[in-house]
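Please read the structure below before turning to the comments.
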Amino acid sequence: MMNRRGLIGASLVGSAMLGAKASAAEGGVKLDGPCVISTWDFGVAANQAAWAVLSKGGRALDAVEAGARVPEQDLKNHSVGRAGYPDRDGHVSLDACIMDELGNCGAVAALEHIAHPISVARKVMEKTPHVMLVGAGALQFALEQGFPREELLTPESRIAWEAWKKDAKYEPKANSEVGDYGKTSGQLGTPGGANNHDTIGMLAIDAKGNIAGACTTSGMAWKMRGRVGDSPIIGAGLYVDNEVGGATSTGVGEEVIRNVGSFLVVELMRQGRSPEAACREAVERILKKKPNAKEFQVGFLAVNKQGEVGAWAIQSGFSYALCDGKKQDLLLPGKATYQLTS
Ligand code: ASP
C-alpha cells in the first residue's frame with residue numbers, strides 16, 4: 001500500500017495533495033469559484049457532501065456542516081464523531097466548532113452521546129447568546145434541540161480501548177497510511193499501530209464568495225476525561241475572516257492552542273502571506289517555542305479569499321482533500337491512491 005509520503009511523490013498534482021514540505025516549491029494550489037477543502041483522506045468523501053450543497057448555489061455554512069457530518073457518521077473513522085476512540089475511562093467525548101462569513105460562531109466541547117457535534121455547534125451559534133457549551137450543559141442543550149441520545153462507543157472502539165488499557169500509554173500518533181482510518185480494531189488497538197488522533201477541518205467558499213468553516217473531532221484517543229483540544233476553540237482549531245480567508249488545524253491540539261494557530265494563519269494571510277507561507281510560519285512558530293513538538297504532528301490548512309489553498313505540517317504525511325467545479329478528488333477503492341479528475 002502506498003503511504004501518504006509515497007502518494008505525494010507519485011501524484012501528478014503533488015502540489016494539490018501536498019504533504020506540506022513536499023510542496024514547498026509549488027506554493028499551494030488555486031481553486032476557482034465555489035470550492036471546499038478539508039483535512040486528511042476522509043476529507044474526500046466529506047468534500048463530496050459539501051460540494052452537493054455548493055454546486056447548487058448553496059451557502060458555504062450549509063456546505064461545511066453537511067461535509068463535516070460525513071466522517072462524524074462514518075463507523076470506520078475512529079477520530080471523528082460516532083465510533084471515535086474514547087478517553088482513557090471509556091467515554092467518547094466530542095469537540096466541534098463552526099464559523100460563518102459574518103463572524104458568527106458556535107462550539108461544543110466534551111460533548112457525549114450526540115453523534116453530530118457539528119450540528120449542535122451550529123445550534124449554539126444560531127439559538128443561543130453564547131459561543132461554546134461544554135460537557136453536561138452541551139448535552140442538555142442538544143437533547144432540548146431534539147438530537148437523539150446515543151451510545152457512541154462502538155464494539156470496535158471498545159475492543160481498541162480494551163487493548164490500549166493493557167499498556168495504557170498515552171502516545172499521540174498520526175500519519176499512518178492512507179485509509180488507516182478504516183482499519184480494524186485489532187490493528188488500531190495495537191500500541192505502535194495506526195494513528196490515534198485526527199480531525200476533519202473543512203473550509204468552503206460559496207458562489208457569493210463567502211467563506212465558512214467547520215472542525216470536528218473525538219480528539220486524542222485515550223485522553224484524560226475532560227480534556228479538550230484545539231478543534232472546538234475558535235481561533236485555535238478554526239478561524240474564518242470573510243475579508244481574508246480561513247484556516248483550520250489538525251494534530252496535537254495543545255500545541256495549536258498555545259499558539260492560537262488558525263487565527264495566526266489568517267492574520268498572516270491578512271499581512272500578505274500566501275496560505276502556504278502562512279501555514280508554514282505558524283508551524284515554525286510552534287517549533288521555535290517548543291522544539292520537541294517536532295515529535296508530534298500538527299498541520300494547518302488554509303484558503304484565502306482568492307481561492308488559493310495551502311497547507312504545512314510539522315511532519316510529512318499530512319494530506320488534504322480539495323474540490324471545485326473543475327476538479328473532484330477521488331479515493332480509488334482498493335488502490336489506496338488519490339486522483340483528481342476533471
Ligand atoms: N486536534 C485534535 C485534538 O487535539 C486531534 C487531531 O486533529 O489530530 O483534539
Original post:
Which one is farthest from Leu152 (Cα to Cα) among residues in segment 88-141 that are within 16 Å of the ligand (Cβ to nearest atom) and acidic (Asp, Glu)?
Top reply: Asp95
**OP:** Could you tell me whether Asp74 is within 16 Å of the ligand (Cβ to nearest atom) and on the phi < 0 side of the Ramachandran plot?
**Re:** yes
**OP:** Please note which helices (runs of 4 or more DSSP H) are completely contained in segment 239-330 and include at least 3 residues that are open to solvent by less than 10 Å² (accessible area, probe 1.4 Å) and over 29 Å from Ala49 (Cα atoms).
**Re:** 275-289
Original post:
Considering segment 210-226 alone, what residues qualify as being assigned to a loop (DSSP other than H, G, I, E, B) and more than 10 Å from the ligand (Cβ to nearest atom)?
Top reply: Asn210, Trp222, Met224, Arg225, Gly226
Original post:
Which number in (1) open to solvent by 10 Å² or more (accessible area, probe 1.4 Å); (2) within 14 Å of the ligand (Cβ to nearest atom); (3) closer than 21 Å to Val64 by Cα marks the one condition that Gly229 misses?
Top reply: (1)
Original post:
If you take the residues in segment 155-175 that are in a loop (DSSP other than H, G, I, E, B) and among the small types (Gly, Ala, Ser), which one is farthest from the ligand (Cβ to nearest atom)?
Top reply: Ala168
Original post:
Going by the structure shown, is Val70 aliphatic (A, V, I, L, M), open to solvent by 30 Å² or more (accessible area, probe 1.4 Å) and within 22 Å of Cys97 (Cβ to Cβ)?
Top reply: yes
Subject >> Members of segment 182-228 found to be modelled with pLDDT under 80 and on the phi > 0 side of the Ramachandran plot, listed by number >> reply: Gly192
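Return a yes/no flag: does segment 133-150 have any residue that is among the hydrophobic types (A, V, I, L, M, F, W, C), at pLDDT below 95 and surrounded by 24 or more Cβ atoms within 10 Å (Cβ to Cβ).
no
Quick grid of which residues meet (1) more than 15 Å from the ligand (Cβ to nearest atom); (2) out of contact with any His (no Cβ under 9 Å at 6 or more places or on another chain):
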site: Tyr239; (1), (2): no, yes
site: Gly253; (1), (2): no, no
site: Val266; (1), (2): yes, yes
site: Ala278; (1), (2): yes, yes
site: Ala282; (1), (2): no, yes
site: Lys289; (1), (2): yes, yes
**OP:** Please indicate, with yes or no, whether at least one residue in segment 124-141 is closer than 13 Å to Thr217 by Cβ and among the β-branched types (Val, Ile, Thr).
**Re:** no
**OP:** Would you mention how many residues in segment 193-204 are more than 15 Å from the ligand (Cβ to nearest atom) and open to solvent by 10 Å² or more (accessible area, probe 1.4 Å)?
**Re:** 1
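The values are calculated or read from the model by the stated rules, or taken from the named source; none is laboratory data. Note that the structure is predicted; figures quoted are calculated from it, not measured. Don't worry about glycine lacking a Cβ; one is built from the backbone with ideal geometry, like all the others, and counts go over all protein chains shown. Side chains included, ligands, DNA and RNA excluded: accessible areas come from the protein's heavy atoms. Shrake-Rupley method; radii C 1.70, N 1.55, O 1.52, S 1.80 Å.
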